[in-house]
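Taken together, the values in this text are just the output of simple stated rules run on the coordinates, not laboratory data. Quick caveat: nothing in here was measured; it's all calculated off a predicted structure. No Cβ is skipped: glycine too gets one built from the backbone with ideal geometry, and neighbour counts run over all protein chains shown.
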Amino acid sequence: TMAAMAAALRGPGRRFRWRTQALAGGVRGAARGVAGQQDYDLLVIGGGSGGLACAKEAAQLGRKVAVVDYVEPSPQGTKWGLGGTCVNVGCIPKKLMHQAALLGGMIQDAHHYGWEVAQPIRHDWRKMAEAVQNHVKSLNWGHRVQLQDRKVKYFNIKASFINKHTVCGIAKSGKETLLSADHIVIATGGRPRYPTHIEGALEYGITSDDIFWLKESPGKTPRPGTQDVALECAGFLTGIGLDTTVMMRSIPLRGFDQQMSSLVMEHMESHGTQFLRGCIPTCIKKLPDGQLQVTWEDRTSGKKDTGIFDTVLWAIGRIPETRNLNLKEVGVNINPENQKIIVDAQDITSVPHIYAIGDVAEGRPELTPTAIMAGKLLAQRLFGQSSDLMDYNNVPTTVFTPLEYGCVGLSEEEAVAHHGQEHIEVYHAYYKPLEFTVAERDASQCYIKMVCLREPPQLVLGLHFLGPNAGEVTQGFALGIKCGASYAQVMRTVGIHPTCSEEVVKLRISKRSGLDPTVTGC
Ligand code: FAD
Ligand code: NAP
């Protein structure tokens, strides 16, 4: 309950011995930084997926740990609590709004199953947003309680380095706090990028930092960008009945299997999302009635066009939060091209006792579970007996577009590039989920493919699943693939009938055979 959480928060807090110093000008430069004399064994900068996991694990191992987290409001003024991107402006509100959209589809299905649903059905953004935001706030609170329970000291301050062992944090009130530690982990994540040189972009555009916290419906929305964030947001906005356009300058879902990503797009298009391919926005103007006039350019023809929208959402990638950390001063190297922190396999930066994990670290997938696992393993290496490294191979993931796309391992393109066309075998199927039949849903894009080595027993290199509950389906198979499953073993796995997952263990048709991969019958 809230009361119990409040008590938990009040209790252990006082037991900590920590130093807060109101800094007079000259003290700022004071170099502490003598090994073994620090306030903490571990200081984590950033209370998101990776940082919290690392801090909690280190505390479990008996170390004295502090976490600093501070949310700089978005340019539109949106702000939120502890827990980082995933909890507040990422996975969690996104999946809940995706669920809201899926429910709309199920209400459409319902009458086929005998439910009498009054028409027309209406969606209330305010109600959804409030419920989602309340859940997120409960998670913020839960994170604070967990830190208290594990005796991790939490500071709501914006940190930057003043020397290799010391960080200075500034609170909202302007009060400064000095914290020093033997080991410092940077887990500051990233923030949405705004385009430069587009008139009105910053003034009138919003990003994923704002969309989940809007009190009113965003209305008609175009969103430049075609990766996970853009397609997922466009998917749920279309799903709850909003007129949604995705403006894309190049290919969708770069880095994912391109056949799968074409099917994702095809499905979205057939369910009402509009796409402006090969276009880039050039100007946004606010009209007297408050609507936004967007001008864009077709990259091939050079032709300009305009449209009127209620909201413009930028989903053009993210910028790592390294600019305000004073990294240069302490010698932590970043890649100047993308501003990410350069790390080795042990997450060590160019300074031996400073580490970086999660979205801010170069070359890591921008996913919550990888940040969490990396954080835990780092704490275990630092303070436990472990030398285990994070393994970034076969990381499963799901794009929560209206028809979900789950994958693990190599795309077909990657498999061909690594092993050569001649050495891979791709098994595939177009299938119809049973629940689509009675509901008379179109299953044209429900498709699975498994990419294997051709030589027996045909090691599975990658699995790609497009259909309902793709995340749930993919997770289990990810274990098999991680354990080195072969096609032969998958074929000897008994299916669960009737499910969509069983279609994976029934994949008999290879692409090479040229046979029709459409599943018929039971
Ligand atoms: P973050 O979670 O971003 O945490 C960093 C924290 O550090 C933030 O709270 C930040 O405010 C704070 N901070 C930054 N600078 C400072 C400073 N100087 N001082 C103090 N604090 C600071 N991943 C999935 O696995 N599944 C999904 O479905 C998914 N959906 C997503 C949807 C969207 C819209 C977005 C944007 C991302 C999504 N992701 C998803 C990615 C996932 O959210 C991130 O990979 C994950 O949150 C990264 O964790 P992190 O610990 O690296 O950083
Ligand atoms: P992203 O993957 O970096 O994609 C950015 C997109 O914006 C690309 O399509 C890019 O096009 C386009 N773009 C960039 N600059 C542009 C400009 N100036 N004008 C028009 N288009 C522009 O970023 P993201 O979608 O924000 O996702 C960030 C990360 O979060 C992802 O890497 C992902 O791992 C993670 N995430 C995960 C999930 C999930 O697991 N379900 C969901 C959401 C996010 P080009 O291809 O032409 O460069």
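Quick notes on this structure:
- Principal axis dimensions, largest first and in whole angstrom, of the stretch 295-426 by Cα: 60, 48, 28
- To the nearest ten degrees, helix 125-149 and the longest principal axis of the Cα atoms of the chain are 40 degrees apart.
- Relative contact order (%) - criterion: Cα under 8 Å, at least six apart; region: the stretch 440-522: 23 percent
- Relative contact order (percent, whole number), the chain, Cα cutoff 8 Å, 6+ residue spacing: 15 percent
- Packing-based exposure ordering (other Cβ within 10 Å, fewest first) of THR244, THR78, THR370: THR78, THR370, THR244
- Eigen-decomposition of the gyration tensor built on the alpha-carbon atoms of the stretch 424-503 gives equivalent ellipsoid semi-axes of 24, 13, 11 angstrom, largest listed first.
- Debye log10 I(q)/I(0) at q = 0.13, 0.20, 0.28 Å⁻¹ for the stretch 74-142, Cα point scatterers: -0.49, -0.85, -1.26
- Above 22 Å, the calculated P(r) of the stretch 152-278 contains 54 percent of its Cα-Cα pairs.
- Across q = 0.10 Å⁻¹, the stretch 378-522 modelled as identical point scatterers on its alpha-carbon atoms has Debye log10 I(q)/I(0) values of -0.37, in the order of the q list.
- Principal axis extents of the C-alpha atoms in the stretch 232-342 (largest first, rounded to whole Å): 51, 42, 33.
- Debye intensity ratio in log₁₀ form over the Cα atoms of the chain, taken at each q of 0.07, 0.08 Å⁻¹: -0.45, -0.59
- Footprinting exposure proxy ranking of THR295, THR196, fewest other C-beta atoms within 10 angstrom first, gives THR196, THR295.
- Exposure rule at most 13 other beta-carbon atoms within 10 Å, DSSP loop GluC sites (Glu not before Pro): the chain longest free segment: 217-336
- Loop-located trypsin sites (Lys or Arg not before Pro) across the stretch 225-283 with a Cβ neighbour count of 13 or fewer within 10 Å are ARG254, with loop assigned by DSSP.
- The trypsin sites (Lys or Arg not before Pro) of the stretch 321-410 that DSSP puts in a loop, and whose beta carbon has at most 13 other beta carbons within 10 Å, are ARG323.
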